[in-house]
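*Asks:* Dumping the structure here so I can ask a few things about it.
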Amino acid sequence: MLFSIGGVGLAALLLIIGVVMSGNADFSKKYVTDQLVQQKITFKSADTLTDEERAAPCLVKYAGQELTTGKQAECYANEFIGLHVFTGETLRGMLLTSYGFSELGNKAAQAATVIYLGVLLLVALSIAGFVHALVTPRNKAFAPPEPGEITKPRETMTV
């Protein structure tokens, strides 16, 4: 019974941590998107990409799209600015910072998912413990010796 109560308490604590991690992940995603949208950066359209730019799969993938995500920021910073514009290093640094921040949010979301799975497991085990405690008669021994098993008294050592 005590383990089941402890399991419920631990599940509640993990649930709170999971909610915090989910909140951080949501904040990160929204913040990065809000900041990137304000920059009004759009990838070149597919038909205007140079052969050198076409060699970067992400530039082809995001061609013509508005830059709104951390992954897009990483692509634009490394594959477009890094390829062409040395004077764009400040913008490149800011975009890579946005990418890093978005990845922290992704990690928080992954952690929250694992925590929620742990909460479900703890709740299931706690319920099983409560059911076992309520169904098992109180006079039934937990691990009684098998019938016919000889038990010897413990020998004590004297020094």
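The values are calculated or read from the model by the stated rules, or taken from the named source; none is laboratory data. Only a predicted model underlies this, so the values are computations on that prediction, with no experimental measurement involved. Neighbour counts are summed over all protein chains in view; Cβ atoms, including those assigned to glycine, are modelled from backbone coordinates with ideal geometry.
*Asks:* Name the residue that is surrounded by the fewest Cβ atoms within 10 Å (Cβ to Cβ), counting only residues in segment 69-85 that are of a type in the set (A, V, I, L, M, F, W, C) and in a helix (DSSP H, G or I). Give the steps one after another, and end with the answer.
*Replies:* Filtering segment 69-85 down to residues of a type in the set (A, V, I, L, M, F, W, C) leaves 73, 75, 77, 80-81, 83, 85.
Then drop every residue that is not in a helix (DSSP H, G or I), which leaves 73, 75, 77, 80-81, 83.
Values: ALA73: 27, CYS75: 21, ALA77: 22, PHE80: 23, ILE81: 20, LEU83: 13.
My answer is LEU83.
*Asks:* While we're on this one: Which residue is surrounded by the most Cβ atoms within 10 Å (Cβ to Cβ), if the candidates are limited to segment 1-47 and must be in a helix (DSSP H, G or I) and basic (Lys, Arg)? Spell out the reasoning first.
*Replies:* At the first step, the residues of segment 1-47 found to be in a helix (DSSP H, G or I) are 2-39, 46-47.
Narrowing further to those that are basic (Lys, Arg): 29-30.
Values: LYS29: 18, LYS30: 11.
If we take residues in segment 1-47 being in a helix (DSSP H, G or I) and basic (Lys, Arg), then LYS29 is surrounded by the most Cβ atoms within 10 Å (Cβ to Cβ).
*Asks:* Just for segment 100-114: of the residues that are over 8 Å from the mean Cα position of the chain (by Cα) and at pLDDT 90 or above, which one is nearest to THR33 (Cα to Cα)? Before you say what the answer is, go through the steps one by one.
*Replies:* First, the residues of segment 100-114 that are over 8 Å from the mean Cα position of the chain (by Cα): 100-105.
Narrowing the set further to residues that are at pLDDT 90 or above leaves 100, 102-105.
Numbers: GLY100: 13, SER102: 9, GLU103: 13, LEU104: 14, GLY105: 12 Å.
The residue in question is SER102.
*Asks:* Considering only segment 1-49, state which residues are under 30 Å from LEU120 (Cα atoms) and among the acidic types (Asp, Glu).
*Replies:* Hit for segment 1-49 is ASP26, nothing else.
*Asks:* Same structure again: Determine whether VAL135 is surrounded by 12 or more Cβ atoms within 10 Å (Cβ to Cβ) and either on the phi < 0 side of the Ramachandran plot or modelled with pLDDT of 75 or more (or both). Reasoning before the result, please.
*Replies:* Values: surrounded by 12 or more Cβ atoms within 10 Å (Cβ to Cβ): no; either on the phi < 0 side of the Ramachandran plot or modelled with pLDDT of 75 or more (or both): yes.
Considered against the rule, which asks whether it is surrounded by 12 or more Cβ atoms within 10 Å (Cβ to Cβ) and either on the phi < 0 side of the Ramachandran plot or modelled with pLDDT of 75 or more (or both), VAL135 comes out as no.
*Asks:* Please go through segment 124-142 and give me each residue that is part of a helix (DSSP H, G or I) and either within 20 Å of the chain's Cα centre (by Cα) or aromatic (Phe, Trp, Tyr) (or both), ordered by number.
*Replies:* In the first step, residues of segment 124-142 are kept if they are part of a helix (DSSP H, G or I); the result is 124-135.
Across segment 124-142, the qualifying residue is only PHE130.
*Asks:* Related question: Surrounded by 13 or more Cβ atoms within 10 Å (Cβ to Cβ) and free of Cβ contacts under 8 Å to residues at least 60 places away in the same chain: does that describe GLU52? Spell out the reasoning first.
*Replies:* Details: surrounded by 13 or more Cβ atoms within 10 Å (Cβ to Cβ): no; free of Cβ contacts under 8 Å to residues at least 60 places away in the same chain: yes.
Criteria not met by GLU52.
*Asks:* Taking GLU89, is it at pLDDT 90 or above, assigned to a helix (DSSP H, G or I), of a type in the set (D, E, K, R) and more than 30 Å from PHE130 (Cα to Cα)? Talk me through it step by step, then tell me what you get.
*Replies:* Values: at pLDDT 90 or above: no; assigned to a helix (DSSP H, G or I): yes; of a type in the set (D, E, K, R): yes; more than 30 Å from PHE130 (Cα to Cα): yes.
Taking the combined requirement at face value, the residue does not satisfy it.
*Asks:* Taking the condition among the charged types (D, E, K, R) and out of contact with any strand residue (DSSP E or B) (no Cβ under 8 Å at 6 or more places or on another chain), does GLU79 pass?
*Replies:* Numbers: among the charged types (D, E, K, R): yes; out of contact with any strand residue (DSSP E or B) (no Cβ under 8 Å at 6 or more places or on another chain): yes.
Yes; evaluated as a whole, the condition is true for this residue.
*Asks:* Still on this model: Since PHE101 meets every condition but one in (1) closer than 30 Å to LEU121 by Cα; (2) of a type outside the set (Val, Ile, Thr); (3) touching a residue at least 40 places away in the same chain (Cβ under 8 Å), which condition does it not meet?
*Replies:* It fails just one condition, (1).
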